[in-house]
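The values are calculated or read from the model by the stated rules, or taken from the named source; none is laboratory data. This is a predicted model, so every value here is computed, not measured. Cβ sites come from the backbone with ideal geometry, for glycine too, and all protein chains shown count toward neighbours. The area values use the complete protein model at the heavy-atom level, side chains included, leaving out ligands, DNA and RNA. Shrake-Rupley method; radii C 1.70, N 1.55, O 1.52, S 1.80 Å.
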Amino acid sequence: MGDKFNEWKDRLSGAAEDAQGKAGELLDQAKESSIGEQAGEAAQNAKDKAQETFENFKNQQGQ
């Protein structure tokens, strides 16, 4: 009886460790995705601002 209990305890402990590891991986992926998304937005904002500045400069030169 004690052997079966220890066997199930080991299985459950292993499953819990696997689940904890998988949750950590998913959290890391979410963090990376969030950072990547923020970097993409920042790059797009910088591109838009550069385009706006160029258009303003071009308009001022034409006047």
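Magnitude of the charge dipole for the chain, about its Cα centre and with charges confined to Cβ atoms of Lys, Arg (+1) and Asp, Glu (-1), is about 160 debye.
Dipole orientation for the chain: of the candidates ALA42, ALA16, PHE5, ALA42 has the Cα lying most toward the positive pole (charges on Cβ; Lys, Arg +1; Asp, Glu -1).
Charged neighbours of GLN44, selected by a Cβ distance under 14 Å, balance to -2 (K, R count +1; D, E count -1). Modelled this way, with points 7 Å down the Cα-to-C-beta line, the labels at LEU12 and GLU55 are 6.4 nm from one another.
Ligands, DNA and RNA left out, the accessible area of the chain computed with a 1.4 Å probe is 54% carbon and sulfur. The local environment of PHE54, defined by Cβ-Cβ distances under 14 Å, has a net charge of 0 under the rule Lys, Arg +1 and Asp, Glu -1. With protein chains left intact and a 1.4 Å probe, residues in the chain average 92 Å² of accessible area per residue. Taking 12 Å as the cut-off, the amide N atoms of region 21-36 that come nearer than this to a point 7 Å along the Cα-to-beta-carbon line of ALA42 belong to 35-36. Over the residues of the chain, the helix contribution to mean residue ellipticity at 222 nm works out to -36500 deg cm²/dmol, using -39500 (n - 2.57) for each DSSP H run of at least 4.
Taking K and R as +1 and D and E as -1, what net charge do the other residues with C-beta under 15 Å from the C-beta of ALA15 add up to? Net charge around ALA15: -1. Cα convex hull, the chain: 25 Å³ per residue, rounded to a whole number.
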